[in-house]
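Taking it in order: structure first as structure tokens, then the write-up.
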Amino acid sequence: MANSEDLMKKIVSFAKRRGFVFPSSEIYGGLAAVYDYGPLGVLLANNVKTLWWKATVQEHREIVGLDAAIFMSPKVWEASGHVGGFSDPLVEDKDNHQRYRVDHLLEEVGVQADEKMTRDEMQTLLDENIDAIREKYPKMGELSDVKQFNLLVKSNLGDFTDSGSDPVYLRGETAQGIYVNYKHVLDSMRVKVPFGIAQVGKSFRNEVTARQFIFRTREFEQMEMQYFVHPDEAKTVYEDWKQKRMDYYTSLGISADNLRYHEHENLIFYAKEAYDIEYQYPFGWKELEGLHARGDYDLTVHAKHSGKPLEYNDQVRGEKYVPHIVETAVGVGRTMLMFLSEAYTEEEVDGETRVVLKFHPKVAPYKVAILPLSKKEELQAVAEPIWQTLSQKWSVDYDETQSIGKRYRRQDEIGTPYCVTVDFDTLEDKCVTVRDRDTMEQERIAIDELESYFEAKLA
Ligand code: GAP
């Protein structure tokens with residue numbers, strides 16, 4: 001690909017054109033940093049969530065699921081530290097009101113800001129580096145002073161006229177729903193430490209910068225797992241999950257060269273140890289997933305603020321303690337953007353450019369497309385039942401418009417691993433042509449054997 005900026009532009013326009021991602025409410029001019037998933041985006045997002053759930057919950061007897069509500073008592077967010085500490089340093093261009101995250105501006109000139117810095121310290125660091133920043137942003141106007149901008153999204157519930165009531169928040173992370181339900185899960189599920197609770201759900205943040213497509217959005221879905229362990233086991237469990245999560249991505253076709261760990265030196269308020277798994281997006285190495293050793297921070301603050309003891313009575317060890325938490329946390333949108341970036345390929349075929357999404361079959365929105373050679377009824381009579389049978393097991397597309405060459409290209413573009421062509425020979429030999437997306441090789445397969453053929457291919 002010519003350069004990474006071009007690649008990103010191509011992915012954004014391709015994602016809209018082929019029904020993956022649409023800008024939100026675009027007919028009204030859109031809403032910054034909010035996106036909708038189109039028909040293929042939904043299929044991709046569902047695969048991302050199902051694969052994560054399988055690897056995290058289904059394949060671990062000791063991990064259970066949860067679906068906590070988005071609205072929670074505002075006390076949760078005060079206790080967790082989000083009301084006081086979950087903020088980004090921000091400056092505004094006084095001319096055009098464009099907002100910038102100060103830590104991002106500094107990063108661009110090679111200066112690492114510390115998350116624990118006060119507003120004044122951040123202002124000093126910005127002032128020291130403003131000349132270098134202005135070289136990068138020659139059109140930048142006069143800047144406001146640095147402000148700390150809280151990321152929690154406020155909302156209203158119930159009686160709007162009750163101005164004395166505390167604001168409610170749309171949750172800023174799914175993790176808090178897990179901590180406040182930890183006791184319920186212990187009491188209802190007979191789980192024993194070590195055990196985990198996993199959740200997939202929407203989170204909301206008033207993100208300051210809104211320029212990175214579905215990488216950073218104000219409404220997004222998180223897939224988070226909190227693993228509760230004895231303090232002595234926390235380090236081993238943390239290292240184990242660090243490895244598991246990295247292996248997970250390579251098992252789904254992500255090149256190891258595009259993945260790396262990044263250790264956080266400046267820890268966010270809750271973390272004892274934190275690594276990111278970074279992916280090399282078209283705009284550079286960025287956080288894909290957060291892996292946090294949270295210690296006993298969360299259960300301790302919730303026990304303190306709620307007045308409810310959240311200790312664990314370990315009958316095997318004969319001890320009472322507050323379990324430590326190891327967290328894996330990743331966004332659905334960020335994972336989708338990784339899969340799209342990794343898969344997007346342009347190839348020269350017979351003097352033409354072929355766009356193909358080389359998705360791992362498990363990730364691909366459709367696994368198979370059924371393509372009757374023409375709209376003739378006798379071909380439809382064979383193709384339709386094939387679709388009926390295969391769609392019991394997989395998402396299968398059906399397309400009978402335009403030339404077969406164009407239809408192959410359309411399926412290549414959306415990453416469908418296999419196309420099945422029903423032609424006039426099929427009426428005689430009861431076989432169809434199966435075309436492989438990546439090699440473009442074709443083979444004749446008996447209709448009766450198609451299901452087992454794809455079971456083997458897609459296993
Ligand atoms: N419970 C810990 C937590 O929320 P985080 O690093 O703030 O940690 C975890 O978020 C993951 O959620 C990130 O690694 C990223 O994949 C995703 N994420 C966070 N903010 C996001 C945003 N504004 N848009 C899209 N994904 C986001």
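The values are calculated or read from the model by the stated rules, or taken from the named source; none is laboratory data. These numbers come from a predicted model, not from an experiment. Backbone-built Cβ (ideal geometry, glycine too); neighbour counts: all protein chains shown. For accessibility, only protein heavy atoms count, side chains too; no ligands or nucleic acids. Shrake-Rupley method; radii C 1.70, N 1.55, O 1.52, S 1.80 Å.
Sort 132-143, 187-198 for me by packing, meaning the mean count of neighbouring Cβ atoms within 10 Å per residue, highest on top.
187-198, 132-143
Could you work out how much longer the chain between K154 and H305 gets when fully extended? Use 0.36 nm per residue separation minus the Cα distance between them, nm to one decimal.
Details: separation 151, 0.36 × 151 = 54.36 nm, distance 2.09 nm.
Between K154 and H305, full extension yields an extra 52.3 nm.
Rounding to the nearest 10 and keeping the result within 0 to 90°, find how far the Cα-based axis of helix 39-53 lies from the longest principal axis of the chain.
Orientation of helix 39-53: about 60 degrees from the principal axis.
What is the magnitude of the charge dipole of the range 282-342 about its Cα centre, with +1 placed on the Cβ of each Lys and Arg, -1 on the Cβ of each Asp and Glu, and no other charges, expressed in debye to the nearest 20?
Numbers: 7 positive and 9 negative charges, 35 e Å.
Approximately 160 debye in magnitude.
Nearest 500 deg cm²/dmol is fine: what mean residue ellipticity at 222 nm does the chain get from its DSSP H runs of n ≥ 4 alone, each adding -39,500 (n - 2.57), divided by its residue count? Walk me through the numbers on the way to the answer.
Values: 14 runs with 160 residues, N = 459.
For the chain, the value works out to -10500 deg cm²/dmol.
Which ³J(HN,Hα) values in Hz, rounded to whole numbers, follow from the phi angles of the range 362-369 under the Karplus curve 6.51 cos²θ - 1.76 cosθ + 1.60, where θ = phi - 60° and Gly and Pro get x?
Working through the residues one at a time gives 5, 8, 4, x, 9, 8, 9, 10 Hz.
From the residues A383, I414, Q402, which one has its Cα farthest along the dipole of the range 366-457 in the positive direction, the dipole being from +1 and -1 charges on Cβ of Lys/Arg and Asp/Glu about the Cα centre?
Positive-most Cα among the choices belongs to I414.
Taking amide H positions as placed 1.01 Å from N in the peptide plane, with prolines and chain starts having none, which residues 5 or more places from L152, or on another chain, fall under 5 Å of its amide H?
Distant-sequence amide H within range of L152: N206.
What's the angle, to the nearest 10 degrees (0 to 90), between helix 119-136's Cα axis and the longest principal axis of the chain?
That helix lies at roughly 40 degrees to the long axis.
Karplus couplings for the range 452-459 from phi (6.51 cos²θ - 1.76 cosθ + 1.60, θ = phi - 60°), rounded to Hz, Gly and Pro as x?
My calculation for the range 452-459 gives 6, 4, 6, 4, 5, 5, 9, 4 Hz in order.
Pop out the carbon and sulfur fraction of the accessible area of the chain as a percent, whole number, probe 1.4 Å.
Numbers: 10740 of 22330 Å².
With neighbouring chains kept in place, the figure for the chain is 48 percent.
Principal axis extents for the range 202-355, Cα atoms only, whole Å, descending order, please.
The principal-axis extents, from largest down, are 72, 33, 26 Å.
Apply the a/c threshold of 1.5 to the C-alpha gyration tensor of the range 366-457 and tell me whether it is rounded, prolate or oblate.
Rounded.
What is the set of long-range amide H partners of E273 at a cut-off below 5 Å, with H atoms built 1.01 Å from backbone N?
When sequence neighbours closer than 5 places are left aside, the close amide H contacts are A293.
For the range 101-118, just list the computed ³J(HN,Hα) in residue order, Karplus coefficients 6.51, -1.76 and 1.60, θ = phi - 60°, integers in Hz, with x standing in for Gly and Pro.
So the J values, rounded to whole Hz, are 7, 4, 5, 6, 4, 5, 4, 5, 10, x, 10, 8, 8, 9, 4, 8, 4, 6.
Charges only on Cβ, +1 for Lys and Arg, -1 for Asp and Glu: so what's the dipole of the range 366-457 about the Cα centre, in debye to the nearest 20?
For this selection, approximately 360 debye.
Tell me, what is the per residue accessible area of the chain in Å², probe radius 1.4 Å? Before the final figure, lay out the partial values.
Details: 22330 Å² over 459 residues.
Spelled out: the 1.4 Å probe surface of the chain, per residue, equals 49 Å².
Which of K375/K430; K49/K242; K154/K272; K192/K362 have a Cα-Cα distance over 23 Å?
K154/K272; K192/K362
Using the charge dipole of the chain (Lys, Arg: +1 at Cβ; Asp, Glu: -1 at Cβ; taken about the Cα centre), state which of S374, V316, I130 has its Cα farthest towards the positive end.
Towards the positive end, the residue furthest out is V316.
Report, in degrees rounded to the nearest 10, the 0 to 90 angle that the Cα long axis of helix 175-189 makes with the longest principal axis of the chain.
The helix 175-189 is inclined about 80 degrees to the chain.
Compare the peptides 361-372, 397-408 by average per-residue count of other Cβ atoms within 10 angstrom and give them in order, highest first.
Values: 361-372: 23.6, 397-408: 15.3.
Result, highest mean first: 361-372, 397-408.
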